[in-house]
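Here, each number is a calculation from the coordinates, and none is a lab measurement. From a predicted model like this one, the values you see are computed outputs, not experimental measurements. Backbone-built Cβ (ideal geometry, glycine too); neighbour counts: all protein chains shown.
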Amino acid sequence: SGGSGRPAGAAASGTGAVPWASAHPRPTGLLAELTYRCPLQCAYCSNPVELAAYRAELSTAEWADVLDQARAAGVLQVHLSGGEPLLRRDLPELVGHASGLGMYTNLVTSGVPLAGDRLAVLLDAGLDHLQLSIQDSRRADADRVAGGRFHDRKLAAAGLVRESGTVLSVNVVLHAGNVARLDEIAELAVDLGAERLELAHTQFYGWGLRNRAALMPTRAQVDAAAAAAAEVHDRHGDRVEIVYVEPDYHTGSPKPCMNGWGSRQLVVAPDGDVLPCLAAGQLPGLETPNVHSGKIADIWQHSALFNAFRGTAWMPEPCRSCDLRTVDFGGCRCQAFQLTGDPAATDPACRWSPHHETVLAAAGTVERPPVIPRRLR
Ligand code: SF4
């Protein structure tokens, strides 16, 4: 850590900021978190821990209105997610509505409640793409981290998707308990017919933050995983898009969260909260806008929350004079808040953050407590 070696900005005293009002980008992606209900209880779940506030889910008509408003604001892709979106019985209606608006529809699912007839109905409604999570290559390990007997049902769901000819992505969250099997997991995903495979080290939010010490890979595991991911890419990269997401606690480089706050994506939570990223509802001092009290285009353009960390003018040092400020946007605001108490701080994952020691200490954990199973409340 420390400042040495940090890329110097062209204008150390200036911010390089463009006033937001002159930029007017439009959102292109909507993450529609239809419900936080879920049959799985993954130990690394990044959804909010306190779910009681989200039980009052938007109705079918309200979600249809959200989709109309999002499309009018510029959104072209909708990711139907959760929790488990298949638990919403109106999912085919919402897929059909988005599809009718000309949006590309992606279902982000555990696959667990996916029977053949449901898939057929969703495809008839216009579903374009399906993103399936798997936990591990081995049943017992997968079921342990997911909190139930789900692995075989996921494999069956993948079979249905493959038979239907739908484009399938497979997502895997990597952590201390499965990262040694990266190669085996990748082979399973390729066998399942994945056209895209995302191997992403776990991020520490929500329940995942509580399990941080249990899930944190060692430096040796991280190094071995990078080598294994490169081998997987060599073997399958010509047919399968392989995306390997490094662990920011170990790299010294923060994540370019949401590709810039309020720059491309917006999230609508099950209760209608409108957010720049999944975890932004936890940030203090900023009112969370909601579809019950405002229009999406207006919230996107003018709300305090969406404007709080747009561009670079809000940045403190060392980000303010760093050349990477338009590459990683100072990292993740929610991680900065979780680890420093200040959402405007440089993300401690950055090697130049004054708080980087906390991340190094967590990444160097030697005591590994047992995983605490997620309890949905
Ligand atoms: Fe530079 Fe800030 Fe990114 Fe660190 S977080 S690399 S200081 S812009």
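Taking label points 7 Å from Cα along the Cα-to-Cβ direction, E246 and A115 give a separation of 4.7 nm. Farthest toward the positive end of the dipole of segment 292-377, out of M315, P343, W300, is the Cα of W300, where the dipole comes from beta carbon charges about the Cα centre.
Suppose every Lys and Arg Cβ carries +1 and every Asp and Glu Cβ carries -1, with no other charges. What dipole size does segment 335-377 come out with about its Cα centre, to the nearest 20 debye? Each step should come with its number before you reach the end.
Working: 5 positive and 4 negative charges, 74 e Å.
Dipole magnitude for segment 335-377 comes out near 360 debye.
Among 72-82, 170-180, 285-295, the peptide with the highest mean count of other Cβ atoms within 10 Å heads the list, and the full ranking is 170-180, 72-82, 285-295. Modelled spin labels at N259 and E367, positioned 7 Å past Cα toward Cβ, are 4.2 nm from each other. Translational diffusion of the chain, estimated by Stokes-Einstein from the Kirkwood radius over alpha carbon pairs at 25 °C in a medium of 0.890 mPa s, is 114 µm² per second. Computed over the chain, relative contact order equals 23 percent, with contacts defined as Cα pairs under 8 Å that lie 6+ residues apart. Helical content alone sets the calculated 222 nm signal of the chain at -9000 deg cm²/dmol, taking -39,500 (n - 2.57) per DSSP H segment of four or more residues and averaging over every residue.
Panel order for R325, R235, R375, by other beta carbons found within 10 Å of each beta carbon, from fewest to most: R375, R235, R325. Taken over segment 231-327, the percentage of Cα pairs per 5 Å bin, counting from 0 up to the bin with the maximum distance, is 2, 11, 17, 17, 15, 12, 11, 8, 5, 1, 0. Taken about its Cα centre, the chain carries a charge dipole of roughly 600 debye when the Cβ of each Lys and Arg holds +1 and the Cβ of each Asp and Glu holds -1.
Taking every DSSP beta bridge that has both residues in the chain, what percent is antiparallel when rounded to the nearest 5? List each step's numbers first, then the result.
Numbers: 4 of 39 bridges.
Antiparallel bridges: around 10 percent, rounded to the nearest 5.
Please state, as a whole number in µm²/s, the translational diffusion coefficient that the Stokes-Einstein equation yields for segment 36-95 at 25 °C and 0.890 mPa s, with Rh defined as the Kirkwood radius across alpha carbon pairs. Reported coefficient: 188 µm²/s. Residue exposure proxy: E241, E84, ordered by other Cβ atoms within 10 angstrom of their Cβ from fewest to most, comes out as E241, E84.
The Rg/Rh ratio for segment 269-377, using Cα coordinates for both the radius of gyration and the Kirkwood hydrodynamic radius, is 1.04. When you restrict to C-alpha pairs under 8 Å that are six or more residues apart and normalise by the size of segment 228-350, the relative contact order lands at 27 percent.
Here the label points at E163 and V327, each 7 Å from Cα along the C-beta direction, are separated by 4.8 nm in the simple model.
Please compute the length gained on full extension between T218 and R138, using 0.36 nm multiplied by the number of residues separating them and subtracting their Cα-Cα distance. Present the calculation step by step, with values, prior to reporting the outcome.
On the way: separation 80, 0.36 × 80 = 28.80 nm, distance 2.11 nm.
So the extension gain works out to 26.7 nm.
Three principal axis extents of segment 206-285 based on alpha-carbon atoms, in descending order, are 45, 33, 23 Å. Summing +1 for each Lys or Arg and -1 for each Asp or Glu among the other residues whose beta-carbon sits under 15 angstrom from that of R88 gives -3.
Can you put L188, L86 in order of Cβ neighbours within 10 angstrom, beginning with the fewest?
On the way: L188 21, L86 25.
Least crowded to most crowded, the residues run L188, L86.
Distance from the Cα centroid of segment 73-94 to that of segment 274-351 is 25 Å (rounded to whole angstrom).
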